[in-house]
Amino acid sequence: MKDTPTSTPRIPLGGGAPLVEARFVERPNQFVVIAELDGEQVKAHMADRGRLLDVLVPGRPLLLAHRPAPHRKTDYSAVAAVVDGRLVSLDTQLPNKLVARALEADVFEEVAGYAHWRKEKTIGGSRFDFWLEDGERRVVLEVKSVGRLDADGVARFPDAPTSRGRRHVEELAELAGDENTRAVLCFLVQGEHADRVEVDTDIDPKLHRALVEAREQGVEVYARRCSLDRDGLCWGTAVPVEL
């Protein structure tokens with residue numbers, strides 16, 4: 001069912017699967033965490049490929065989605081951690097799903113009013129998240145998930161160097177040279193306490209430099225802070241991106 005313009009798009013944690021509380025034990029690889037659940041250790045799938053060194057510490061409370069299925073190697077997915085009383089998302093797929101809902105409801109104001117949109121568009125050697133068009137008007141939209149929120153209200157991206165992210169930025173800059181094409185980058189913050197987004201120059205100075213140059217060449221850079229709770233990720237308000 002489509003969202004109406006008066007509704008607020010929301011994506012449930014874990015796809016709406018039952019959530020259980022556990023505690024982090026270890027992360028043997030990028031794709032798996034070990035958690036203690038009811039006195040036993042269980043494996044949970046991990047969607048966030050970031051380092052998360054300040055989040056995944058022994059004993060940290062986690063929310064696991066119980067999603068048993070014949071094709072799955074684990075019965076659980078790690079969807080969030082509890083840090084200082086607030087949820088930190090462990091699912092980097094939520095933002096793209098939420099943006100799709102916002103486009104469907106036509107509430108993404110910065111790119112509203114286009115007659116057609118679809119997920120994923122391959123241009124050159126890269127695949128971008130969304131493609132919007134209306135006659136000769138086109139938008140190439142790339143979404144970046146931001147999960148790191150400082151106590152002072154700064155959401156920082158990335159938490160590890162990202163050559164893929166830098167390539168996307170550079171290719172968006174090239175696309176911005178077409179007068180009929182808007183090249184748009186949206187940072188979607190999974191947490192409502194951010195008042196701005198910054199690129200962490202200590203972690204990836206090359207990405208920061210690429211973003212500064214891309215904005216100068218016409219790439220539109222936006223950010224949205226979206227509330228996150230046990231009910232899911234909810235479409236939120238615009239915040240500035242400081243470069």
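The values are calculated or read from the model by the stated rules, or taken from the named source; none is laboratory data. These numbers were taken from a predicted model, which means no experiment stands behind them. A quick note on method: Cβ atoms are made from the backbone with ideal geometry, for glycine too, and the neighbour counts reach across all protein chains shown. These accessible areas exclude ligands, DNA and RNA; they are computed on the full protein's heavy atoms, side chains included. Shrake-Rupley method; radii C 1.70, N 1.55, O 1.52, S 1.80 Å.
Restricting attention to the stretch 182-198, the residues being more than 30 Å from P12 (Cβ to Cβ) and open to solvent by 20 Å² or more (accessible area, probe 1.4 Å) number 1. Listed by first and then second residue, the pairs linking a residue in the stretch 16-36 that is among the polar types (S, T, N, Q) to a residue that is surrounded by 15 or more Cβ atoms within 10 Å (Cβ to Cβ), with Cβ atoms under 8 Å apart and 6 or more places separating them unless they lie on different chains, are Q30/M46.
T201 falls short on exactly one of the conditions (1) at pLDDT 95 or above; (2) surrounded by 14 or more Cβ atoms within 10 Å (Cβ to Cβ), and that condition is (2). Among the criteria (1) farther than 23 Å from E104 by Cβ; (2) among the basic types (K, R); (3) in contact with a His (Cβ under 9 Å, 6 or more places away or on another chain), the one R225 does not fulfil is (1). Among the criteria (1) touching an Asp or Glu at 6+ places or on another chain (Cβ under 7 Å); (2) under 19 Å from K144 (Cα atoms); (3) open to solvent by 60 Å² or more (accessible area, probe 1.4 Å); (4) without any contact (Cβ under 8 Å) to a residue 60 or more places away in the chain, the one P68 does not fulfil is (2). Quick check on L98: is it over 28 Å from L185 (Cα atoms), modelled with pLDDT of 95 or more and of a type outside the set (S, T, Y)? When the stated conditions are applied, L98 does not pass them.
Listed conditions (1) over 16 Å from V154 (Cβ atoms); (2) at pLDDT below 95; (3) in contact with a strand residue (DSSP E or B) (Cβ under 7 Å, 6 or more places away or on another chain); (4) not acidic (D, E) are all met by H193, apart from (1). Out of the residues in the stretch 111-133 that are open to solvent by less than 40 Å² (accessible area, probe 1.4 Å) and under 18 Å from K144 (Cα atoms), which is modelled with the lowest pLDDT? Looking at residues that are open to solvent by less than 40 Å² (accessible area, probe 1.4 Å) and under 18 Å from K144 (Cα atoms), I get S126. Note on the stretch 77-105: residues that are touching a His at 6+ places or on another chain (Cβ under 6 Å) and open to solvent by 40 Å² or more (accessible area, probe 1.4 Å) total 0. Sort through E170, E198, E192 and tell me the only one that's over 16 Å from the mean Cα position of the chain (by Cα), charged (D, E, K, R) and on the phi < 0 side of the Ramachandran plot. Step by step, each of E170, E198, E192 is checked, and only E170 is over 16 Å from the mean Cα position of the chain (by Cα), charged (D, E, K, R) and on the phi < 0 side of the Ramachandran plot. R164 meets all of the listed conditions (1) open to solvent by 10 Å² or more (accessible area, probe 1.4 Å); (2) farther than 23 Å from E136 by Cβ; (3) touching a strand residue (DSSP E or B) at 6+ places or on another chain (Cβ under 7 Å); (4) modelled with pLDDT under 95 but one, namely (3).
Would you say F108 is modelled with pLDDT of 95 or more, out of contact with any strand residue (DSSP E or B) (no Cβ under 7 Å at 6 or more places or on another chain) and either open to solvent by less than 30 Å² (accessible area, probe 1.4 Å) or within 25 Å of L149 (Cα to Cα) (or both)? Considered against the rule, which asks whether it is modelled with pLDDT of 95 or more, out of contact with any strand residue (DSSP E or B) (no Cβ under 7 Å at 6 or more places or on another chain) and either open to solvent by less than 30 Å² (accessible area, probe 1.4 Å) or within 25 Å of L149 (Cα to Cα) (or both), F108 comes out as yes.
Conditions tested, residue by residue: (1) in contact (Cβ under 8 Å) with a residue 24 or more places away in the chain; (2) closer than 23 Å to V212 by Cα; (3) out of contact with any Asp or Glu (no Cβ under 7 Å at 6 or more places or on another chain).
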{"position": "Q93", "(1), (2), (3)": "yes, no, yes"}
{"position": "K97", "(1), (2), (3)": "yes, no, yes"}
{"position": "R101", "(1), (2), (3)": "yes, no, no"}
{"position": "D152", "(1), (2), (3)": "no, no, yes"}
{"position": "A155", "(1), (2), (3)": "yes, yes, yes"}
{"position": "V169", "(1), (2), (3)": "yes, yes, yes"}
{"position": "F187", "(1), (2), (3)": "yes, yes, yes"}
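Residue count for the stretch 211-243, restricted to those that are open to solvent by less than 10 Å² (accessible area, probe 1.4 Å) and aliphatic (A, V, I, L, M): 5.
Screening the stretch 11-39 for residues that are part of a loop (DSSP other than H, G, I, E, B) and at positive phi and picking the one that is most open to solvent (accessible area, probe 1.4 Å) gives D38.
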